[in-house]
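For reference, the structure discussed in these notes is given below.
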Amino acid sequence: YEYDRPLMKTQVPGPRSKELTKQMGQIQNNTAINFFCNYEESRGNFLVDVDGNRMLDVYTQIASIPIGYNHPALLKVVSDPNNASAFVNRPALGILPPESFVNKLTEGLLTVAPKGLNRVQNMACGSCSNENAFKAMFIWYRNKERGTSIPSDADLSSCMINQTPGCPELSILSFSGAFHGRTMGCLATTHSKPIHKLDVPSFDWPIAPFPRLQYPLDEHVRENAQEEARCLEETEDLIVKWRHKGMPVAGVVIEPIQAEGGDNHASAAFFISLRKIASKHGCAFHVDEVQTGGGATGRFWAHEHWGAEDPADIVSFSKKLLTGGFFYRDEMETDKPYRIFNTWMGDPSKNLLLAEVLNVIRQENLLAEVTRTGKALLGGLYELQAKYPNLLSRARGQGTFCAIDICKASVRDKLILQARDNGVILGGCGDLSIRFRPALIFKEHHVHMFLNVFSDLLAAH
Ligand SMILES: Cc1ncc(COP(=O)(O)O)c(CNc2csc(C(=O)O)c2)c1O
């Protein structure tokens with residue numbers, strides 16, 4: 001049902017996109033808009049814009065389109081009259097859930113529950129999932145510290161004016177290069193670009209170094225292990241230091257692959273050691289799978305590659321799962337209503353679509369496909385890196401969740417725009433990287449479409 005190749009009619013953005021962007025500028029900030037899209041005509045791996053340009057999409061709405069545009073299975077969900085109510089009557093799920101909701105969660109989200117986590121709370125996006133996961137960790141920590149979930153009178157009166165003990169001096173440990181969202185708590189744990197944080201007050205929470213590894217990983221095992229050991233030692237020192245400062249770390253949050261920060265990888269041993277350090281110091285361990293979750297690394301959850309029996313206390317998700325939320329273990333459950341809460345607490349219509357996405361992933365064995373396609377993509381990147389060593393370096397990836405570094409940010413930015421004018425949509429991350437975030441239906445022939453365009457651009461550079 002998808003197109004067989006890109007088809008370009010104008011430069012991007014074309015005249016219609018430019019006109020619409022100008023109009024949008026009268027309504028809201030339009031400075032991040034790339035171009036306007038024709039979502040009705042977009043299919044599979046191909047995004048069509050309002051000027052009729054048909055492009056191979058290797059970025060998929062910042063890694064949030066799981067099985068391509070207008071997938072027939074999803075269109076069927078929307079057109080099924082039995083689902084109409086879920087699209088029309090949006091419930092306040094925390095107080096008035098629909099009869100079917102228990103089954104929908106059991107048959108949908110809970111079928112992909114991470115190891116050791118058998119509870120799930122839906123939210124709307126990555127940031128609000130992480131915000132509420134942070135709150136769950138703080139509440140858990142204080143109940144443990146207090147020895148009871150019954151607050152004192154001092155707790156109740158002081159929290160109303162943002163003071164201790166009711167508003168405790170606790171912290172979340174995050175990592176340099178992390179991205180966990182743009183709302184206040186998440187922003188305090190996000191350290192990827194200044195523009196994300198500028199002008200917004202923040203917290204004095206500890207920021208640990210994330211390993212800066214050399215690639216290919218299997219050719220730099222010793223030096224990478226030393227770098228990871230250094231980071232683990234500094235992380236544990238920070239946890240101790242913040243306890244002595246009277247701001248104990250209630251939780252550690254980390255991405256399995258730091259995406260916004262530049263597709264920074266670390267070994268399974270690093271994450272397993274980190275999880276042990278967190279447990280040793282009584283900190284919860286929160287794995288943020290908003291960008292890595294949903295199958296792009298070849299496993300449904302990127303943290304599955306660690307092979308850990310007890311990987312996390314909380315795993316947050318959004319993007320490819322079409323709905324936000326977080327999985328958590330029993331003891332992270334809050335003891336009273338309205339503590340982790342908002343009006344909608346998710347959206348049942350998105351759960352319907354997700355259930356169908358999971359069916360397609362299983363029926364079409366897409367995780368194995370992603371692993372196979374990823375090998376072709378990474379192999380092609382290695383070949384280009386060998387051919388253009390002055391332009392390219394640090395090809396890396398897991399599944400199709402790949403990236404490569406370009407010699408200069410200005411050259412990276414120019415290559416992304418040139419690729420788009422040649423029918424391939426790419427995204428950047430970090431200072432120098434191009435990141436690949438195709439849908440799970442991206443096949444080897446799509447890899448070759450990309451490599452043909454990219455190698456021609458490199459040759460002409
Ligand atoms: C690991 C991780 N955690 C949390 C978030 C926040 O999710 P949203 O709030 O954007 O849905 C994200 C969102 N990713 C993202 C990519 S570009 C971007 C932006 O706001 O510019 C955001 C993420 O990658």
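The values are calculated or read from the model by the stated rules, or taken from the named source; none is laboratory data. Owing to the predicted nature of the structure, the values given are computational and were not obtained by experimental measurement. We place every Cβ from the backbone using ideal geometry, glycine too, and count neighbours over all the protein chains shown.
Filtering region 369-404 to residues that are of a type in the set (Lys, Arg), in contact (Cβ under 8 Å) with a residue 60 or more places away in the chain and closer than 19 Å to Leu217 by Cβ leaves Arg394, Arg396.
Here is a yes/no grid of residues against (1) over 30 Å from Ile404 (Cβ atoms); (2) away from the ligand (no atom under 16 Å from the Cβ); (3) at pLDDT below 95:
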| site | (1), (2), (3) |
| --- | --- |
| Tyr141 | yes, yes, no |
| Ser149 | yes, yes, yes |
| His180 | no, no, no |
| His191 | no, no, no |
| Ile195 | no, no, yes |
| Asn224 | no, yes, no |
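The residues of region 247-257 that are closer than 18 Å to Gly185 by Cα and within 16 Å of the ligand (Cβ to nearest atom), listed by number, are Gly251, Val252, Val253, Ile254, Glu255.
Of everything in region 325-340, what is more than 14 Å from Ala113 (Cα to Cα) and either among the polar types (S, T, N, Q) or surrounded by 15 or more Cβ atoms within 10 Å (Cβ to Cβ) (or both)? Give them in sequence order. Even if it seems obvious, please write down each step before you answer.
Filtering region 325-340 for residues more than 14 Å from Ala113 (Cα to Cα) gives 331-340.
Met332, Thr334, Ile340, listed by residue number.
The lone criterion from (1) within 16 Å of the ligand (Cβ to nearest atom); (2) in contact (Cβ under 8 Å) with a residue 60 or more places away in the chain; (3) assigned to a loop (DSSP other than H, G, I, E, B) left unmet by Ile67 is number (1). Scanning region 1-33 for residues being touching a residue at least 60 places away in the same chain (Cβ under 8 Å) and under 22 Å from Ile65 (Cβ atoms) gives a total of 7. One residue stands out among those in region 264-293 that are over 21 Å from Cys186 (Cα atoms) and crowded, with 22+ Cβ neighbours inside 10 Å: the one that is farthest from the ligand (Cβ to nearest atom), which is Phe270. Residues that are acidic (Asp, Glu), away from the ligand (no atom under 16 Å from the Cβ), within 19 Å of the chain's Cα centre (by Cα) and crowded, with 16+ Cβ neighbours inside 10 Å do not occur anywhere in region 353-360. For region 110-134, the set of residues classified as buried (at least 22 other Cβ atoms within 10 Å of the Cβ) and more than 16 Å from the ligand (Cβ to nearest atom) is empty.
Could you tell me whether region 181-189 includes any residue that is of a type outside the set (A, V, I, L, M), surrounded by 14 or more Cβ atoms within 10 Å (Cβ to Cβ) and out of contact with any helix residue (DSSP H, G or I) (no Cβ under 9 Å at 6 or more places or on another chain)? Checking region 181-189: not a single residue is of a type outside the set (A, V, I, L, M), surrounded by 14 or more Cβ atoms within 10 Å (Cβ to Cβ) and out of contact with any helix residue (DSSP H, G or I) (no Cβ under 9 Å at 6 or more places or on another chain).
Scan region 294-303 and tell me whether some residue there is surrounded by fewer than 17 Cβ atoms within 10 Å (Cβ to Cβ) and part of a loop (DSSP other than H, G, I, E, B). No, there is no match, as no residue in region 294-303 is surrounded by fewer than 17 Cβ atoms within 10 Å (Cβ to Cβ) and part of a loop (DSSP other than H, G, I, E, B).
Considering only region 46-59, state which residues are touching a residue at least 12 places away in the same chain (Cβ under 8 Å), of a type in the set (Val, Ile, Thr) and surrounded by fewer than 24 Cβ atoms within 10 Å (Cβ to Cβ).
Start the filter on region 46-59 by keeping residues that are touching a residue at least 12 places away in the same chain (Cβ under 8 Å), which leaves 46-47, 49-59.
Checking which are of a type in the set (Val, Ile, Thr) leaves us with 50, 58.
Across region 46-59, the qualifying residue is only Val50.
Only residues that are of a type outside the set (Asp, Glu) and closer than 30 Å to Val77 by Cβ were counted in region 357-389, giving 17.
Test Thr106 against the stated conditions and say whether it is in contact (Cβ under 8 Å) with a residue 60 or more places away in the chain, of a type outside the set (Gly, Ala, Ser) and not in a loop (DSSP other than H, G, I, E, B). Let's see the steps before the verdict.
Working: in contact (Cβ under 8 Å) with a residue 60 or more places away in the chain: no; of a type outside the set (Gly, Ala, Ser): yes; not in a loop (DSSP other than H, G, I, E, B): yes.
Taking the combined requirement at face value, the residue does not satisfy it.
If you check Glu309 against the conditions, is it touching a residue at least 60 places away in the same chain (Cβ under 8 Å), part of a loop (DSSP other than H, G, I, E, B), among the acidic types (Asp, Glu) and closer than 26 Å to Ile404 by Cβ?
On the way: touching a residue at least 60 places away in the same chain (Cβ under 8 Å): yes; part of a loop (DSSP other than H, G, I, E, B): yes; among the acidic types (Asp, Glu): yes; closer than 26 Å to Ile404 by Cβ: no.
The answer is no for Glu309.
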